[in-house]
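The values are calculated or read from the model by the stated rules, or taken from the named source; none is laboratory data. What you see is a predicted model, and the numbers here were worked out from it, not measured in a lab. Heads up, the Cβs are rebuilt from the backbone with ideal geometry, glycines too, and the neighbour counts pull from every protein chain shown. Protein only, heavy atoms only, side chains kept; ligands, DNA and RNA dropped before computing areas. Shrake-Rupley method; radii C 1.70, N 1.55, O 1.52, S 1.80 Å.
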Amino acid sequence: MAYLSPLQTVIVGAARKAARGLVRDFGEVEQLQVSLKGTNDFVSAADIKCERSLHRDLSKARPDFGFLLEEGGTVEGKDKTARWIIDPLDGTTNFLHGIPHFSISIALERDGEIVAGAVYDPVADEMFYAEKGLGAYLNDRRMRVSARRRLDDTVIATGVPYLGRPGHARFLAHVQAVMGATAGVRRMGSAALDLAYVAAGRYDGYWETGLAPWDVAAGVILVREAGGYVTEVEGGNDVVGTGSVLATNDHILKPLGDLLRAAEPSETPP
Ligand code: IPD
Ligand code: CA
Ligand code: CA
């Protein structure tokens, strides 16, 4: 691991510890698949256990900070300027199906700005982390977003809305535009890892809408500290508040953003 600041030591340590239980439970899910009985309950219990471990360790290290937890909701801290934004298991559908692509996502927000974050893929043992002004790292290597300049060379990730989620028609219009203009579109199933992969230069870009703050908060600082840009698909800057995200390098930001904004559904969205 590269040099870790005191704050990074806290975040990375909490993520690694919580991940141990998550990986054990993932092994169990692979067994449970055979019967399918009780798998959903088992996974929500694993999710909650992981969140409690993160909450416990982060409260111990920074007793005054508040929390925004996907499962537990808002926990007010004494210090109103600082809160952790946490998704204990991003990629639940993958986890549930025994697909080894999921992550723990932890961000620290101070005065409304994300100042540090980590996204950890415990199966691949890949720790993506960043702190404002200190750069972004994957394990012990500095990360840099991709340098590709031409849209037709790019691989772009996205998220597909599913049963019960809005925005299907808009998504289809977006994907139709992007698939005709790029070298490939990917949907791996963890928004936090999608952003981490942009930071690592694996994907040249990523867009998705309808996300929650815990899906994107840590990823935002990873991409920015890796030299990339994160905006709303519509062009604004409140990515964490709106859950609309477009992340890429400076060459692709405008062409990809223009492409998405020009693509509107031809029918009324369902
Ligand atoms: C989901 C994942 C997925 C994204 C969904 C999210 P969860 O989070 O990030 O990639 O497409 O919109 O809800 O439910 O696995 O924590
Ligand atoms: Ca999530
Ligand atoms: Ca989750």
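Taken over the range 85-120, the criterion of being in contact (Cβ under 8 Å) with a residue 40 or more places away in the chain, away from ligand 3 (no atom under 15 Å from the Cβ) and surrounded by fewer than 20 Cβ atoms within 10 Å (Cβ to Cβ) is satisfied by GLY98, PRO100, VAL115.
Can you say whether VAL123 is open to solvent by 40 Å² or more (accessible area, probe 1.4 Å) and either away from ligand 3 (no atom under 14 Å from the Cβ) or more than 17 Å from the chain's Cα centre (by Cα) (or both), as far as the supplied structure shows? Break it down stepwise before answering.
Working: open to solvent by 40 Å² or more (accessible area, probe 1.4 Å): yes; either away from ligand 3 (no atom under 14 Å from the Cβ) or more than 17 Å from the chain's Cα centre (by Cα) (or both): yes.
Criteria met by VAL123.
For the range 204-213, the count of residues that are open to solvent by 20 Å² or more (accessible area, probe 1.4 Å), of a type in the set (S, T, N, Q) and away from ligand 3 (no atom under 16 Å from the Cβ) is nonzero.
For the condition over 17 Å from the mean Cα position of the chain (by Cα) and either in contact (Cβ under 8 Å) with a residue 12 or more places away in the chain or open to solvent by less than 20 Å² (accessible area, probe 1.4 Å) (or both), GLY72 qualifies. Of the helices (runs of 4 or more DSSP H) lying entirely inside the range 177-270, the ones with 3 or more residues being in contact with a helix residue (DSSP H, G or I) (Cβ under 6 Å, 6 or more places away or on another chain) and more than 13 Å from SER146 (Cβ to Cβ) are found at 191-199, 213-225, 253-262.
In this structure, is LEU195 open to solvent by less than 40 Å² (accessible area, probe 1.4 Å) and assigned by TED's automatic domain parsing to the domain that holds GLU126?
Working: open to solvent by less than 40 Å² (accessible area, probe 1.4 Å): yes; assigned by TED's automatic domain parsing to the domain that holds GLU126: no.
When the stated conditions are applied, LEU195 does not pass them.
HIS101 meets each of the listed conditions (1) within 16 Å of ligand 2 (Cβ to nearest atom); (2) under 15 Å from VAL123 (Cβ atoms); (3) more than 17 Å from the chain's Cα centre (by Cα) apart from (3).
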